[in-house]
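First comes the structure, then the notes that go with it.
We did not get these values from a lab; they are worked out from the coordinates using the rules stated. Keep in mind that what you see is a predicted model, and the values were worked out from it rather than measured. Positions of Cβ are generated from backbone atoms using ideal geometry, with glycine treated the same way; all protein chains shown enter the neighbour counts.
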Amino acid sequence: MSGRYVLATISLDNMAGGLERNIVRLANALSRRGHTISLITFDQRPARSFYRIDDGVRWYKVGVSPPHGPIGLGERLRLIRAIRAALIDAQATAIICFHHGILVRFVLASLLAGIRIIVSERNSLSLYEHITSRKWNPNFLLLFLVHHVIVQFPRYVADYPRALHSRISAIPNPVSPVETCAGSRPERTRKPLQLLAVGRLCAQKNYEALIEAFAELAPRHPAWELLIVGDGAIRESVVADIARRGLEERVRLASPVTDDMSEVYRRASLFCMPSRWEGFPNALAEAMAHGLPCVGYGGCAGVRDLIAHGENGLLAKGNGDTRSLRDALDRLMADPAERKRMGGAAAKSVRLFRPELILSRWEALLSAVETSRRGMLATLFGFPGNGR
């Protein structure tokens with residue numbers, strides 16, 4: 001049975017992150033399965049998506065001010081009215097909000113409209129250990145009023161209040177299979193050997209730890225370079241850190257120019273994700289799909305859910321300890337046989353995230369939510385007593 005679904009996030013305007021890629025990917029996939037799909041973002045009309053949106057997916061840009069800038073009360077009310085108008089125009093039966101941080105606006109916009117709300121969380125709640133915002137904020141409290149919550153690994157469910165557990169499901173992100181892996185080309189043809197990191201340039205990704213670790217390793221491994229692919233708010237400080245350590249000839253910083261990163265992964269010999277927290281680390285999963293052995297922190301949610309220590313990569317101790325990260329990288333940079341063994345295991349380990357399997361889980365969840373009864377919340381959200 002086909003449905004009419006809205007997928008919502010703050011912005012898609014030239015955003016090359018994992019959230020943006022996966023909301024567009026899910027929208028396109030559901031549309032191709034025969035569902036009527038719309039996107040709602042707080043972008044203004046000139047916005048352009050970094051990732052291709054299929055012609056069958058309608059994009060409502062409801063922004064009344066820059067999406068990431070400050071917003072006054074009057075503008076908030078105008079934004080909520082614009083969201084409501086888009087929901088009515090799209091004839092939505094369900095909304096998937098990508099992260100609970102936008103819930104207030106969508107709950108208010110959908111009151112009495114008979115639209116079910118699903119929240120697709122994009123990070124582990126461990127993020128609140130690293131940021132100044134408090135976990136128990138209004139958007140988080142509104143999780144008690146939504147119809148379902150999606151997390152990306154089953155282990156994340158325990159981080160939520162027990163009263164929510166029956167309405168939480170785990171659906172990971174899809175990972176496409178790869179025909180040509182990094183290991184298909186002999187390493188002797190790759191000069192220099194490349195340690196790769198991919199992700200937004202922001203505090204979450206903890207690139208300072210990786211650069212510091214590589215600075216200590218560079219003299220020991222003259223055949224290696226570090227390539228960081230990403231853009232973001234701390235680009236200037238990353239460039240300055242590289243220069244301060246005298247690594248301009250050994251560390252390269254590149255911006256993503258296409259949504260197909262396959263060739264970048266294929267040229268690498270080792271991948272590192274030094275993040276402080278994650279949800280489902282897309283770049284890490286894609287590196288594994290390309291047959292790259294991977295290194296990350298054992299204290300980082302998401303990273304430790306994909307890397308099996310000693311099997312498909314190595315987990316450094318803690319969450320930010322530079323010496324532990326350096327030692328893990330050193331071990332694999334020095335051992336091509338271990339890189340090959342772990343890279344082969346990495347490619348096999350992400351096969352359970354095949355796109356067709358993940359899409360079927362989303363469709364089953366959407367169907368179940370649409371036919372479920374919600375008791376007292378049905379009155380609040382305008383549902384008839386026997387569901388829709």
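Couplings 3J(HN,Hα) for region 42-55, derived from phi with the Karplus relation 6.51 cos²θ - 1.76 cosθ + 1.60 (θ = phi - 60°), are 8, 6, 9, 4, x, 4, 10, 7, 5, 9, 6, 9, 4, 4 Hz, where x marks Gly and Pro. The mean of 1/r over all distinct Cα pairs in the chain, once inverted, gives the Kirkwood hydrodynamic radius of 22.0 Å. FRET efficiency for residue 330 and residue 104, Cβ-Cβ distance as r, R0 = 41 Å, nearest 0.05? For R0 = 41 Å, the calculated efficiency reads 0.30. For region 306-315, putting each phi into the Karplus relation 6.51 cos²θ - 1.76 cosθ + 1.60 with θ = phi - 60° gives couplings of 9, 8, 9, 4, x, 9, 10, x, 10, 9 Hz, in residue order, rounded to whole numbers and with x for Gly and Pro.
Note on 48, 235: ascending count of other Cβ atoms within 10 Å places them as 48, 235, the fewest first. Bridges between two residues of the chain, per DSSP, are antiparallel at a rate of about 5%.
So what is the relative contact order of region 182-351, in percent, for Cα pairs below 8 Å that sit 6 or more residues apart? Here the relative contact order equals 25 percent.
Only the Cβ atoms of Lys and Arg (+1) and of Asp and Glu (-1) were treated as charged; on that basis the dipole of region 199-262 about its Cα centre amounts to roughly 140 debye. Here's the picture: charge each Lys and Arg Cβ at +1 and each Asp and Glu Cβ at -1 in the chain, and of 123, 344, 224 the one pushed furthest to the positive end of that dipole is 123.
Over region 182-351, the alpha carbon radius of gyration divided by the compact-protein estimate 2.2 N^0.38 Å works out to 0.92.
Length available on full extension from residue 368 to residue 321: 0.36 nm per residue minus the Cα-Cα distance, which gives 12.5 nm.
Scalar couplings 3J(HN,Hα) for region 253-263, obtained by applying the Karplus form with A = 6.51, B = -1.76, C = 1.60 to θ = phi - 60°, are 10, 10, 8, x, 10, 8, 7, 9, 9, 4, 5 Hz; x denotes Gly and Pro.
For residue 11, the residues whose modelled amide H falls within less than 5 Å of its own, excluding neighbours fewer than 5 places apart on the same chain, are 42. Sorted fewest first by neighbouring Cβ atoms within 10 angstrom, 292, 329, 359, 73 come out as 73, 359, 329, 292. Ordering 197, 15, 92 by Cα displacement along the dipole of the chain toward the positive end leaves 92 in first place; charges were set at the Cβ atoms of Lys, Arg (+1) and Asp, Glu (-1). Listed by Cβ neighbour count within 10 Å, with the fewest neighbours leading, 61, 340, 205, 135 appear as 135, 340, 61, 205. Measuring r between the beta carbons of residue 157 and residue 134 and using R0 = 30 Å, the FRET efficiency lands at 0.90. For region 182-351, the Cβ-based charge dipole about the Cα centre amounts to some 440 debye (Lys, Arg positive; Asp, Glu negative; other atoms uncharged).
Dipole magnitude for the chain: computed about the Cα centre from +1 point charges on Lys and Arg Cβ and -1 point charges on Asp and Glu Cβ, it is near 760 debye. Farthest towards the positive end of the charge dipole of the chain, among the residues 284, 68, 142, is the Cα of 142, using unit charges on the Cβ of Lys, Arg, Asp and Glu.
Working note: Debye formula, equal point scatterers on the alpha-carbon atoms of region 87-140, no solvent; log10 I(q)/I(0) at q = 0.13, 0.21, 0.32 Å⁻¹ is -0.38, -0.79, -1.36. Take the chain, connect every pair of alpha-carbon atoms lying under 10 Å apart with a spring to form a Gaussian network, then pick out the residue of 207, 265, 160 with the largest mean-square fluctuation. Maximum fluctuation in the GNM of the chain, among the listed residues, is at 160.
Look at the alpha carbon pairs under 8 Å that are at least 6 residues apart: their mean separation over the length of the chain gives a relative contact order of 15 percent.
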